[in-house]
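S.K.: My questions all concern the structure below.
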Amino acid sequence: MAEEKNQDAKQDQPQQSLIIHTQYIKDFSFENPNSPQMLVEQEGQPEIEINVNVTANPQPQDRFFEVVLHIRASAKRNDKDMFLAELSYAAVISVGEGVDENTIHPIVMIEGPRLIFPFARAILAQTTQAGGFMPLNIQPIDFVRIYQQGMESAAAGSA
């Protein structure tokens, strides 16, 4: 009787749709090309540029993917480079058996990077601060919009 209740309880529990198995820095670079001059001179407001891209690579195991969040951040003041940071932060994720084949791609490309973004953001904030600048606090990213733009670009490219 107790065994039947346990099996019923397992069937009632929703399967996890996404599991992060590990996350790591895949590639990282920080350049401080005009130091110490840019650290001493505080004249003018810096111009910050941030570019974000997401890739996913299927793994040999079924429903496993390596999701890589690429962030490139640069800052200039008075047309002089302050810093350049490039981070590829990755995670190995798997998608649950209960997930429909048609929804795997959006889950991997939206939820995967959304879950690892806070860690990448912290790495960039700590690194820019260690480089002598104010910590770079990147605002939350709309990964749904990035996914939609990528799909539109792919559709336009195949047309």
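S.K.: Determine the order of E66, E31, E111 by accessible area, beginning with the largest, at a probe radius of 1.4 Å.
M.R.: Of E66, E31, E111, the descending order of accessible area is E31, E111, E66.
S.K.: Same structure again: Computed from the coordinates I sent, mean projected area of the Cα convex hull in nm² equals one of (1) 13.2; (2) 10.0; (3) 11.4. Tell me the label.
M.R.: (1)
S.K.: Under 5 Å between amide H atoms, partner at least 5 residues away or on a different chain: which partners does M82 have, H built in plane at 1.01 Å?
M.R.: Here the answer is A75, K76, R77, since their amide H atoms fall under 5 Å of that of M82.
S.K.: In Å², and per residue, what accessible area does the chain have when probed at 1.4 Å with the other protein chains present?
M.R.: Accessible area per residue, the chain: 64 Å².
S.K.: Right, next: What percentage of the solvent-accessible surface of the range 37-117, computed with a 1.4 Å probe over protein heavy atoms, is contributed by carbon and sulfur atoms?
M.R.: Looking at the range 37-117 in its full context, I get 47 percent from C and S.
S.K.: Additional query: Less than 12 Å Cβ to Cβ from E41, Lys/Arg counted +1 and Asp/Glu -1: what total charge do the surrounding residues give?
M.R.: +1
S.K.: At 1.4 Å probe size, with no ligands or nucleic acids counted, give the accessible surface of I138 in Å², nearest ten.
M.R.: Solvent-accessible area, nearest 10 Å²: 10 Å².
S.K.: Related question: Name the residue from A90, T128, Q149 whose Cα lies farthest towards the positive end of the charge dipole of the chain, charges +1 on Cβ of Lys and Arg and -1 on Cβ of Asp and Glu.
M.R.: Farthest along the dipole direction, towards plus: T128.
S.K.: Moving to a separate point now. Would you work out the charge dipole size for the chain about its Cα centre, treating the Cβ of every Lys and Arg as +1 and the Cβ of every Asp and Glu as -1, and quote it to the nearest 20 debye?
M.R.: Charge dipole, the chain, about its Cα centre: 360 debye, nearest 20.
S.K.: Same structure again: Ordering M134, M109, M82, M151 by how much accessible area each has at a 1.4 Å probe, largest first, what is the list?
M.R.: M134, M151, M109, M82
S.K.: In degrees between 0 and 90, to the nearest 10, how far off the longest principal axis of the chain does helix 112-130 point, with axes built from Cα atoms?
M.R.: 30
S.K.: Please list H105, H70 from largest to smallest accessible area, probe radius 1.4 Å, with all protein chains kept in place.
M.R.: Per-residue accessible area, sorted high to low, gives H105, H70.
S.K.: What dipole magnitude, in Debye to the nearest 20, does the range 57-141 give about its Cα centre under +1 on Lys/Arg Cβ and -1 on Asp/Glu Cβ?
M.R.: I would put it at about 600 debye.
The values are calculated or read from the model by the stated rules, or taken from the named source; none is laboratory data. Predicted, not measured: the structure shown is a model, and the values here were computed from it. All Cβ positions, glycine included, derive from the backbone under ideal geometry; neighbour counts span all protein chains shown. Protein only, heavy atoms only, side chains kept; ligands, DNA and RNA dropped before computing areas. Shrake-Rupley method; radii C 1.70, N 1.55, O 1.52, S 1.80 Å.
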